[in-house]
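*Asks:* The structure that follows is given in the form of structure tokens.
The values are calculated or read from the model by the stated rules, or taken from the named source; none is laboratory data. Fair warning: this is a prediction, and the values are worked out from it, not measured in the lab. In this analysis, Cβ positions are derived from the backbone assuming ideal geometry, glycine residues included, and neighbour counts consider all displayed protein chains. To get the accessible areas, we keep the full protein, side chains included, count just its heavy atoms, and leave off ligands, DNA and RNA. Shrake-Rupley method; radii C 1.70, N 1.55, O 1.52, S 1.80 Å.
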Amino acid sequence: MPVQAKLCGLNTAEAMSAALDHGAAWVGLMFFPPSPRFISLEQASALSAQADSRAQRVGVFVTPDDGLLAATLAAVPLDAIQLHGKEPPARVAEVKARFGLPVWKALSISEPADLENARDYFEVADRLLFDAKPPKGSVLPGGNAVSFDWTLLSGTEWPLPWLLSGGLHAGNVAEAVRLTGASAVDASSGVESAPGQKDPARIRAFLDAVAAI
């Protein structure tokens with residue numbers, strides 16, 4: 001089965017074009033101000049329109065309140081909401097019910113116990129995203145260019161779709177998929193020339209590497 005890819009934190013028309021032209025299934029727009037990939041609602045609206053009908057548009061939020069979600073959705077068409085903070089299962093269910101969109105839940109992984117926590121989201125999330133735990137002191141829950149021990153996922157089956165994230169780039173994505181069995185992957189820092197600066201050439205290289213798996 002082909003592996004699908006999500007490119008997260010896209011913030012320019014050029015980066016979006018590279019993602020769309022080379023087969024990204026999902027494109028992520030970042031609505032967390034501390035992130036170097038954060039974009040305004042005006043920028044996000046333009047990028048969302050660019051991706052319309054070519055890829056699923058995922059809004060990435062970190063512990064958002066209803067006001068932020070409502071204002072964002074009023075200005076930016078999205079196909080899914082990704083919660084990348086410490087949202088409990090009840091909050092995931094609440095967001096899904098209130099805003100009527102599929103909700104993805106990102107989980108930070110560094111040890112087997114972290115995977116056990118995923119069970120709490122089986123009944124409320126539409127998709128899980130397994131990301132590396134951020135380095136100590138980091139204000140960013142993801143996009144830190146670090147990976148976790150992929151063998152933690154080896155031989156594991158999940159009752160809902162999931163993506164592998166954390167430090168993925170063109171040079172390691174095939175090995176990551178081999179070890180985890182992932183059918184979908186997510187990259188952000190691995191397709192950048194500097195934090196927040198998406199590189200169209202690296203985007204192409206990553207998506208070509210995914211397509212070759």
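*Asks:* Whether any residue in the range 53-65 is open to solvent by 60 Å² or more (accessible area, probe 1.4 Å) and touching a Gly at 6+ places or on another chain (Cβ under 8 Å) is what I want to check.
*Replies:* yes
*Asks:* Cβ contacts < 7 Å: first residue closer than 18 Å to SER147 by Cβ, restricted to the range 100-120; second residue part of a helix (DSSP H, G or I) and not β-branched (Val, Ile, Thr), any location; separation 6+ or different chain. Result?
*Replies:* LEU107/ASP114; LEU107/ASN117; LEU107/ALA118; SER108/ASP114; ILE109/LEU115; ILE109/LEU152; PRO112/LEU152; LEU115/LEU152
*Asks:* Also: Go through the range 3-17 and give me each residue that's part of a helix (DSSP H, G or I) and open to solvent by 10 Å² or more (accessible area, probe 1.4 Å).
*Replies:* Residues satisfying the conditions are ALA13, GLU14, SER17.
*Asks:* Considering only residues of the range 50-68 that are of a type in the set (Gly, Ala, Ser) and closer than 21 Å to ALA5 by Cβ, which is nearest to the chain's Cα centre (by Cα)?
*Replies:* This residue is GLY59.
*Asks:* If PRO195 meets every condition in (1) out of contact with any Phe, Trp or Tyr (no Cβ under 8 Å at 6 or more places or on another chain); (2) more than 27 Å from PRO112 (Cα to Cα); (3) modelled with pLDDT of 95 or more apart from one, which number is that one?
*Replies:* All conditions pass for PRO195, except number (3).
*Asks:* Of the residues GLY142, GLY155, which single one is assigned to a loop (DSSP other than H, G, I, E, B), over 26 Å from ALA90 (Cα atoms) and at pLDDT below 95?
*Replies:* Unique residue meeting the criteria: GLY155.
*Asks:* Quick check, is ALA209 at pLDDT 95 or above and in contact with a helix residue (DSSP H, G or I) (Cβ under 6 Å, 6 or more places away or on another chain)?
*Replies:* yes
*Asks:* Only residues in the range 182-210 that are under 19 Å from SER147 (Cβ atoms) and among the hydroxyl-bearing types (Ser, Thr, Tyr) count as the first member; pair them with residues that are open to solvent by 10 Å² or more (accessible area, probe 1.4 Å) and part of a strand (DSSP E or B), Cβ under 7 angstrom, at least 6 apart or cross-chain, and list the lot.
*Replies:* Between residues of the range 182-210 that are under 19 Å from SER147 (Cβ atoms) and among the hydroxyl-bearing types (Ser, Thr, Tyr) and residues that are open to solvent by 10 Å² or more (accessible area, probe 1.4 Å) and part of a strand (DSSP E or B), the close pairs are SER183/GLN4.
*Asks:* Within the range 182-201, can you find the residues that are farther than 13 Å from MET16 by Cα and open to solvent by 30 Å² or more (accessible area, probe 1.4 Å)?
*Replies:* Once the filter is applied, which keeps residues that are farther than 13 Å from MET16 by Cα and open to solvent by 30 Å² or more (accessible area, probe 1.4 Å), the range 182-201 yields SER183, SER193, ALA194, PRO195.
*Asks:* Let me ask another. Check GLY59 against each of (1) part of a strand (DSSP E or B); (2) touching a residue at least 40 places away in the same chain (Cβ under 8 Å); (3) closer than 20 Å to GLU94 by Cα and name the one condition it does not meet.
*Replies:* GLY59 satisfies every listed condition except (2).
*Asks:* Related question: Outside any helix (DSSP H, G or I) and at pLDDT below 95: which single residue out of PRO36, PRO77, PRO64 fits that description?
*Replies:* PRO36
*Asks:* OK, next. State all residues of the range 80-133 that are among the aliphatic types (A, V, I, L, M), assigned to a helix (DSSP H, G or I), at pLDDT 95 or above and surrounded by 14 or more Cβ atoms within 10 Å (Cβ to Cβ); if no residue qualifies, say none.
*Replies:* Hits for the range 80-133 are VAL92, ALA93, VAL95.
*Asks:* Considering only residues that are closer than 17 Å to ALA75 by Cβ and either among the aromatic types (Phe, Trp, Tyr) or touching a residue at least 12 places away in the same chain (Cβ under 8 Å) (or both), look in the range 29-41 and name the one that is surrounded by the fewest Cβ atoms within 10 Å (Cβ to Cβ).
*Replies:* LEU41
*Asks:* Just to be sure, is ALA75 more than 20 Å from ASN117 (Cβ to Cβ) and either within 13 Å of the chain's Cα centre (by Cα) or in contact (Cβ under 8 Å) with a residue 12 or more places away in the chain (or both)?
*Replies:* yes
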